[in-house]
Amino acid sequence: MAGLSVLRVISNDQMVRDEKAAINKELEDRQNSELILGLTSYLRQCWDAARIAKKPIEDIMLRALRQRAGQYEADKLRQIQGQGGSEVYMMLTEVKCRGAESWLRDILLDTGTPPWSINPTPIPDLSPEQSGIIQQIFADRVLQAIQATQKAPSVSEMEELKEVVSQDYRFKILQDAQTRADKMKIRISDQFAQGGWPDAFNDFITDLVTYPCAFVKGPIVRRQRMLGWSKGPDGATMVEGTDRLGPEYERVNPFNMYPEPGITKLNDGYLFQHHPMSRTQLSDLIGVPGYDDEAIRKVLEVGNGQSWINEDVKLQEDELERKYYVYDSPTETYDALEFWGKVSGEMLLEWGLTPEEIPDSAKEYDANVWVVGNYTIKAILNYDPLGEKPYATTSFIKSPGALWGRGIPEIIEDLQNICNAAARSLVNNMGLASGPQVEVNLERIPPNEDITQLSPWKIWQVTNDPLGSSAPAVRFSQPDSRANELMGVYDRFSKLADDHSGVPSYVTGDLNVSGAGRTASGLSMLMGSAGKGIRQIVMYIDNDIIKPVVQRQFIYNMRYDEDESIKGDVEVVAKGAINLAVKETLNVRRIEFLNATANPIDIEIVGQDGRAALLREIAKGLQMPVDDIVPSREKYNMGLQAKAQAQQQQAAAAPTQPDGSPKGGADANTVTPNATGNA
């Protein structure tokens, strides 16, 4: 019939299949776009170069793990077993590494205060609005002076008044900046606690003393699962799990880091990080800004796909870290590669980005790309305002001009081998010298005589020598013991390990110290001298780890935090070993200054605000509850105002005499002396 059309009816299952097919088609088109294909090809070239350059470093790291675990290299073990005897391994490297870890943790973590601070800049820059405020205050002061003296101030008085007004206003700005800096420090400390910084930094110290490099990553915005509280229908408090996006920190396994060959610093070239991710970890990326949700779902559907990782090194690492039979786990692991590096603008334009996104084809643009198997799950530009990667790294001993330094196992590897050789020889010699060597003339021993065992009071039955010799049938000889010489060799080279590693044995509790270390003052001097070496390591941590990480978290808060009261012009200060080493002396000097100024003249100069600030610093240095002992500046001023108001109200409520003087006041209570001077 005219005007009628056929209405197609499909089932719900067919609609779901059609929607899924459309999504898959869109995903495949996106993955096969010119940009993604060109980017993946470029990443493969970069990855091959970084993986080949990393191979010698991987061998060094595996040897370091074996040293700490007390295991010989495979070829060395075959040689020892071929010669027979003991296979003892002296754990010298493990002791030195544990000593260095505890020393660094004692300096940086066990002080009660974070090894960093945030201070306002010394000289604040005035904005045009603030300069206008100063001019207005100056004009008001001049008008007040004219009204008070009925004459205009001189030029010198005007200049002096302007300087006073400017300094007073700058002081107020500094006070406000200090308040903002204190609030920012509290905010970052809270973010560190919730983002996993303590655990990441603690693991970083273990990597630092073991491997050629140690890495920390953060802040990285991730989905965080946390507890939340709400009111139920009956008014009772209910606890429930909530999700939120927040900054996190993590220690990055050095085996998973692949920098560009030949670079000196991480920001000098590109960088790959390998992420072995479980299904849960990969699915948690769905909904995080910047990731392709459909690509992640496709990877979860089809599996890991093509892996770019060398499994041989991973298996050796797992066994040395006591993670046995990981390959038999029924849980699937996804190998994700995260790329950070520069890509030329010309490449990006060829791959499909618009001129608005890439205004200059000659420039290099920082990019962040994630690849899992054959799928790119993230490809964005790095929008860090300084163009930096979210990583920080340093080494126990740096190698100038190179990214990879040296750890303690590599430094004392030769000494560890010599001590092992001395210990094996000592054990073998002790075994040989523990009893006699027996020589038996078989021609004179009866056939049924047991010559395989020695026992006290054994009676030997012998026959006549067929040759008529008078030599005994059984002769004994005692091998020489070389225990003292071998112990001397071991002691000598183990002491050299103290010097080469910079971790003396008395740091780990060895009290057998000769020379100056036999007295308390001498041992203190030795500890101070040894501390010079460890301070160098802490300076590396200060400048390369703590300061950059805190600086990045500060920039993150300045850009994304909604609380404007924490934002300001500040500088990050990494305290490190130097400030912590003088902490006790500094507190002693502060207490001395506090006692020296406890007189009316100095109190009048310093004022109550200055005295309170000094008390706060001393209480803070002694790790005491500052807010409970000394009130804050705002609380103190509020207390003064409340006290003044109470006095005014009390004075207003007091009865008065007809002449206006207080009844029962000074005249009534004052005792007037008589003419003789007696009351």
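Is it the case, given these coordinates, that F215 is open to solvent by less than 30 Å² (accessible area, probe 1.4 Å), not in a helix (DSSP H, G or I) and not polar (S, T, N, Q)? Before you say what the answer is, go through the steps one by one.
Numbers: open to solvent by less than 30 Å² (accessible area, probe 1.4 Å): yes; not in a helix (DSSP H, G or I): yes; not polar (S, T, N, Q): yes.
Yes; evaluated as a whole, the condition is true for this residue.
Go through (1) in a loop (DSSP other than H, G, I, E, B); (2) over 30 Å from T206 (Cα atoms); (3) open to solvent by less than 80 Å² (accessible area, probe 1.4 Å); (4) of a type in the set (A, V, I, L, M, F, W, C) for W457 and report which single condition fails.
W457 satisfies all of (1) in a loop (DSSP other than H, G, I, E, B); (2) over 30 Å from T206 (Cα atoms); (3) open to solvent by less than 80 Å² (accessible area, probe 1.4 Å); (4) of a type in the set (A, V, I, L, M, F, W, C) except (3).
Could you check, for region 536-545, whether at least one of its residues is surrounded by fewer than 20 Cβ atoms within 10 Å (Cβ to Cβ), touching a helix residue (DSSP H, G or I) at 6+ places or on another chain (Cβ under 9 Å) and at pLDDT below 60?
Scanning region 536-545, I find no residue that is surrounded by fewer than 20 Cβ atoms within 10 Å (Cβ to Cβ), touching a helix residue (DSSP H, G or I) at 6+ places or on another chain (Cβ under 9 Å) and at pLDDT below 60, so the answer is no.
Any idea which of (1) polar (S, T, N, Q); (2) under 25 Å from the mean Cα position of the chain (by Cα); (3) open to solvent by 30 Å² or more (accessible area, probe 1.4 Å) is the one Q67 doesn't satisfy?
(3)
So for region 489-500 (the condition being modelled with pLDDT of 80 or more, over 30 Å from M91 (Cα atoms), loosely packed, with under 15 Cβ neighbours inside 10 Å and out of contact with any His (no Cβ under 6 Å at 6 or more places or on another chain)), does at least one residue qualify? Explain how you work it out, then say what you get.
Residues of region 489-500 modelled with pLDDT of 80 or more: 489-500.
If we keep only those that are over 30 Å from M91 (Cα atoms) as well, we get none.
No: zero hits.
Report yes if some residue within region 444-452 is part of a helix (DSSP H, G or I), basic (K, R), closer than 25 Å to K96 by Cβ and at pLDDT 80 or above; otherwise report no.
Restricting attention to region 444-452, the residues satisfying the condition of being part of a helix (DSSP H, G or I) are 444.
Now drop any that are not basic (K, R), which leaves 444.
Adding the requirement that they be closer than 25 Å to K96 by Cβ leaves none.
Within region 444-452, not a single residue is part of a helix (DSSP H, G or I), basic (K, R), closer than 25 Å to K96 by Cβ and at pLDDT 80 or above.
Of everything in region 554-587, what is part of a helix (DSSP H, G or I), within 19 Å of L104 (Cβ to Cβ) and at pLDDT 65 or above? Give them in sequence order.
Of everything in region 554-587, just one residue is part of a helix (DSSP H, G or I), within 19 Å of L104 (Cβ to Cβ) and at pLDDT 65 or above, namely G576.
When region 287-317 is examined, which residues are found to be touching a helix residue (DSSP H, G or I) at 6+ places or on another chain (Cβ under 8 Å) and modelled with pLDDT of 85 or more?
Passing the criteria: I296, L300.
For residues that are closer than 16 Å to Y490 by Cβ and of a type in the set (S, T, N, Q), scanning just region 81-99, find the one that is least open to solvent (accessible area, probe 1.4 Å).
Top of the filtered list is T93.
Condition first: hydrophobic (A, V, I, L, M, F, W, C) and open to solvent by 60 Å² or more (accessible area, probe 1.4 Å). Now tell me which residues in region 175-196 satisfy that.
Within region 175-196, I186, A193 meet the criteria.
Which of the residues belonging to region 199-212 are part of a helix (DSSP H, G or I) and more than 27 Å from G290 (Cβ to Cβ)?
Initially, region 199-212 is screened for residues part of a helix (DSSP H, G or I), giving 199-210.
Listed by number, the residues that qualify are N202, I205, T206, D207, L208, V209, T210.
Is it fair to say Y258 is part of a strand (DSSP E or B) and hydroxyl-bearing (S, T, Y)?
Numbers: part of a strand (DSSP E or B): yes; hydroxyl-bearing (S, T, Y): yes.
So Y258 fits the description; yes.
Buried (at least 16 other Cβ atoms within 10 Å of the Cβ), within 18 Å of L337 (Cβ to Cβ), in contact (Cβ under 8 Å) with a residue 40 or more places away in the chain and hydroxyl-bearing (S, T, Y) - does that describe any residue in region 298-307?
For region 298-307, residues buried (at least 16 other Cβ atoms within 10 Å of the Cβ), within 18 Å of L337 (Cβ to Cβ), in contact (Cβ under 8 Å) with a residue 40 or more places away in the chain and hydroxyl-bearing (S, T, Y): absent.
Being under 23 Å from S505 (Cα atoms), surrounded by 14 or more Cβ atoms within 10 Å (Cβ to Cβ), modelled with pLDDT of 85 or more and not charged (D, E, K, R) is the requirement here; does N420 meet it?
Working: under 23 Å from S505 (Cα atoms): yes; surrounded by 14 or more Cβ atoms within 10 Å (Cβ to Cβ): yes; modelled with pLDDT of 85 or more: yes; not charged (D, E, K, R): yes.
Yes; evaluated as a whole, the condition is true for this residue.
Working only within region 231-243, note down all residues that are surrounded by fewer than 10 Cβ atoms within 10 Å (Cβ to Cβ) and out of contact with any Leu (no Cβ under 8 Å at 6 or more places or on another chain).
K231, G232, P233, D234, G235, A236, T237
The values are calculated or read from the model by the stated rules, or taken from the named source; none is laboratory data. All values reported here derive from a predicted model rather than from experimental measurement. For neighbour counting, all protein chains shown are included, and Cβ atoms are generated from backbone atoms with ideal geometry for every residue, glycine included. Quick note on the areas: whole protein, heavy atoms, side chains included, nothing else; ligands and nucleic acids left out. Shrake-Rupley method; radii C 1.70, N 1.55, O 1.52, S 1.80 Å.
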